[in-house]
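Engineer: Just dropping this structure here.
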Amino acid sequence: MNTSHSAPIGIFDSGIGGLTVAKAVMKALPGEDIIYFGDTARVPYGIKSEETVRMYALQITRFLLEKGVKMILIACNTVSASAKEEIIQAAGDVPVLDVITAGTQAAIGFDNHSRIGVIGTLATVNSKAYERSIHEIEPQADVIQQACPLLVPLAEEGWVDNEIAKQTLSIYLKPFESKKIDSLILGCTHYPLFKEVIPEVLQDSDTIIIDSADSIALTSKQRLSELDLLNQNGGKFQCFVSDRPQRFQELAERFLGRDLTDVSVIGLN
Ligand code: DGL
């Protein structure tokens with residue numbers, strides 16, 4: 001394990017969406033250096049097989065370990081659903097945190113958690129990873145899942161609060177209308193962009209919206225503090241992508257809330 005305080009945190013995703021996690025980590029841990037990898041050549045992962053996602057995820061893990069990261073955050077829900085155990089094994093003593101565990105802990109942390117809704121990509125929903133993760137802690141909880149594949153392209157297009165976004169959401173969120181869920185986990189990197197509109201479409205202000213990006217940022221702060229690895233003196237953010245750095249830079253503002261300057265291209269295998 002890299003036990004240097006100044007070592008960077010590694011965050012990775014299938015593409016740009018994981019910048020929502022990077023944004024939350026920067027807010028919670030402004031003194032940390034971060035290395036981000038977005039697999040823009042091979043995105044989306046959400047429609048690929050588990051085997052393929054695992055192979056890609058392990059290549060990225062090796063890349064981050066070579067960069068000397070002190071912790072790895074799996075920002076991608078699809079990767080968390082398909083490859084978490086393999087990544088933990090490959091990372092050895094470098095701690096690995098993932099958005100599914102973080103989102104689960106946040107949902108269970110609320111007093112009312114007997115009916116939990118989860119929205120995610122097809123791969124995440126089909127894997128039932130959220131269901132398993134929630135039932136490990138709370139076997140009685142009712143977990144209602146819904147895949148929302150059209151939300152990723154809508155978010156990248158910036159259509160997060162127009163009529164098309166609202167109509168799409170109202171179709172996807174229909175199953176939750178009759179079920180009266182206590183909370184709804186945003187189980188995909190792109191969904192925090194719909195955070196304002198979802199309560200309006202759900203027409204239920206009591207449902208707690210759970211953003212896994214915030215949850216993983218808090219967990220990583222706790223974990224680094226326990227390991228005595230917090231850094232107060234950094235703050236550098238370096239991005240690597242596998243294709244189209246310009247497009248990544250153009251879209252970054254939407255997901256990160258600020259412009260990006262340091263983006264390099266690197267091929268992995
Ligand atoms: N990053 C993915 C996730 O959180 C969404 C985009 C994709 O399908 O690759 O599941």
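The values are calculated or read from the model by the stated rules, or taken from the named source; none is laboratory data. What you are looking at is a predicted structure, and each value in this text was computed from that prediction instead of being measured. When we count neighbours, we look across all protein chains shown, and the Cβ atoms used for this are built from the backbone with ideal geometry, even at glycine.
Engineer: For Pro139, all conditions in the list (1) at pLDDT 95 or above; (2) farther than 18 Å from Leu173 by Cα; (3) within 17 Å of the chain's Cα centre (by Cα) hold save one; what is the number of the exception?
Structural biologist: With respect to (1) at pLDDT 95 or above; (2) farther than 18 Å from Leu173 by Cα; (3) within 17 Å of the chain's Cα centre (by Cα), Pro139 is out only on (3).
Engineer: Restricting the range 147-159 to residues that are crowded, with 16+ Cβ neighbours inside 10 Å and within 14 Å of the ligand (Cβ to nearest atom), which is farthest from the chain's Cα centre (by Cα)? Show your work before the answer.
Structural biologist: Kept after step one, since they are crowded, with 16+ Cβ neighbours inside 10 Å, are these residues of the range 147-159: 147-149, 151-152, 154-156, 159.
Now restrict to residues that are within 14 Å of the ligand (Cβ to nearest atom): 147-149, 151-152, 154-156.
Working: Ala147: 15, Cys148: 15, Pro149: 15, Leu151: 14, Val152: 13, Leu154: 17, Ala155: 14, Glu156: 15 Å.
So, considering only residues that are crowded, with 16+ Cβ neighbours inside 10 Å and within 14 Å of the ligand (Cβ to nearest atom), the one farthest from the chain's Cα centre (by Cα) is Leu154.
Engineer: Pick from the range 68-79 the residues that are in contact with an Asp or Glu (Cβ under 8 Å, 6 or more places away or on another chain) and within 8 Å of the ligand (Cβ to nearest atom): which of them is farthest from Ser49 (Cα to Cα)?
Structural biologist: Narrowing the range 68-79 to residues in contact with an Asp or Glu (Cβ under 8 Å, 6 or more places away or on another chain): 73-76, 79.
Remaining after also requiring within 8 Å of the ligand (Cβ to nearest atom): 75-76, 79.
On the way: Ala75: 18, Cys76: 15, Val79: 11 Å.
Out of the qualifying residues, it is Ala75.
Engineer: Right, here's the next one. Would you tally the residues in the range 25-37 being surrounded by fewer than 24 Cβ atoms within 10 Å (Cβ to Cβ) and within 16 Å of the ligand (Cβ to nearest atom)?
Structural biologist: Residues of the range 25-37 that are surrounded by fewer than 24 Cβ atoms within 10 Å (Cβ to Cβ), as a first pass: 26-31, 33-35.
With the extra rule that they be within 16 Å of the ligand (Cβ to nearest atom), the set shrinks to none.
Qualifying residue count for the region: 0.
Engineer: Okay, next question. Could we say that Thr20 is buried (at least 23 other Cβ atoms within 10 Å of the Cβ) and either in contact with a helix residue (DSSP H, G or I) (Cβ under 6 Å, 6 or more places away or on another chain) or at pLDDT below 95 (or both) here?
Structural biologist: So Thr20 passes the test.
Engineer: From Thr121, Thr101, Thr40, which residue is more than 28 Å from Thr261 (Cα to Cα), surrounded by fewer than 23 Cβ atoms within 10 Å (Cβ to Cβ), within 15 Å of the ligand (Cβ to nearest atom) and of a type in the set (Ser, Thr, Tyr)?
Structural biologist: Answer to the check: Thr101.
Engineer: Within the range 128-150, track down each residue that is of a type in the set (Val, Ile, Thr) and either under 15 Å from Ile108 (Cβ atoms) or free of Cβ contacts under 8 Å to residues at least 12 places away in the same chain (or both).
Structural biologist: Scanning the range 128-150 gives Ile134, Ile137, Val143.
Engineer: Check every one of the strands (runs of 3 or more DSSP E) wholly within the range 174-269 and list those with 2 or more residues that are in contact (Cβ under 8 Å) with a residue 60 or more places away in the chain and surrounded by 13 or more Cβ atoms within 10 Å (Cβ to Cβ). Break it down stepwise before answering.
Structural biologist: Working: elements: 183-187, 208-211, 237-241, 263-265.
Result: 183-187, 208-211, 237-241.
Engineer: Report, by residue number, each residue of the range 72-90 that is farther than 15 Å from Ala217 by Cα and buried (at least 20 other Cβ atoms within 10 Å of the Cβ). Explain how you work it out, then say what you get.
Structural biologist: If we filter the range 72-90 for residues that are farther than 15 Å from Ala217 by Cα, which is where we start, we get 78-90.
Scanning the range 72-90 gives Thr78, Val79, Ser80, Ala81, Ser82, Ala83, Lys84, Ile87.
Engineer: Could you give me the residue pairs with C-beta distances under 8 Å whose first residue belongs to the range 5-30 and is of a type in the set (S, T, N, Q), whose second residue is more than 14 Å from the ligand (Cβ to nearest atom) and assigned to a loop (DSSP other than H, G, I, E, B) wherever it lies, and which are 6+ apart or on separate chains?
Structural biologist: From residues that are of a type in the set (S, T, N, Q), the pairs are Ser6/Asp33; Ser6/Asn231; Ser6/Asn233; Ser6/Gly234.
Engineer: So in the range 59-68, with the set limited to residues that are crowded, with 24+ Cβ neighbours inside 10 Å and of a type in the set (A, V, I, L, M, F, W, C), which one is nearest to the chain's Cα centre (by Cα)?
Structural biologist: Among those residues, the one meeting the criterion is Ile60.
Engineer: Residue pairs, Cβ under 7 Å, 6 or more apart or interchain, first in the range 92-106 and among the small types (Gly, Ala, Ser), second part of a helix (DSSP H, G or I). List them.
Structural biologist: These pairs meet every condition: Ala102/Ser212; Ala102/Ser215; Ala102/Ile216; Ala102/Thr219; Gly103/Ser212; Gly103/Ser215; Ala106/Ser215.
Engineer: Of the residues Phe255, Phe240, only one is over 24 Å from Pro95 (Cβ atoms) and touching a Lys or Arg at 6+ places or on another chain (Cβ under 9 Å); which? It would help to see each step written out before you state the result.
Structural biologist: Numbers: Phe240 fails: over 24 Å from Pro95 (Cβ atoms).
One residue alone meets the criteria, Phe255.
Engineer: Specify the residue that is nearest to the ligand (Cβ to nearest atom); the eligible residues are those in the range 43-67 that are in contact with a strand residue (DSSP E or B) (Cβ under 9 Å, 6 or more places away or on another chain) and hydroxyl-bearing (Ser, Thr, Tyr).
Structural biologist: Step by step, filter the range 43-67, then rank; the result is Tyr45.
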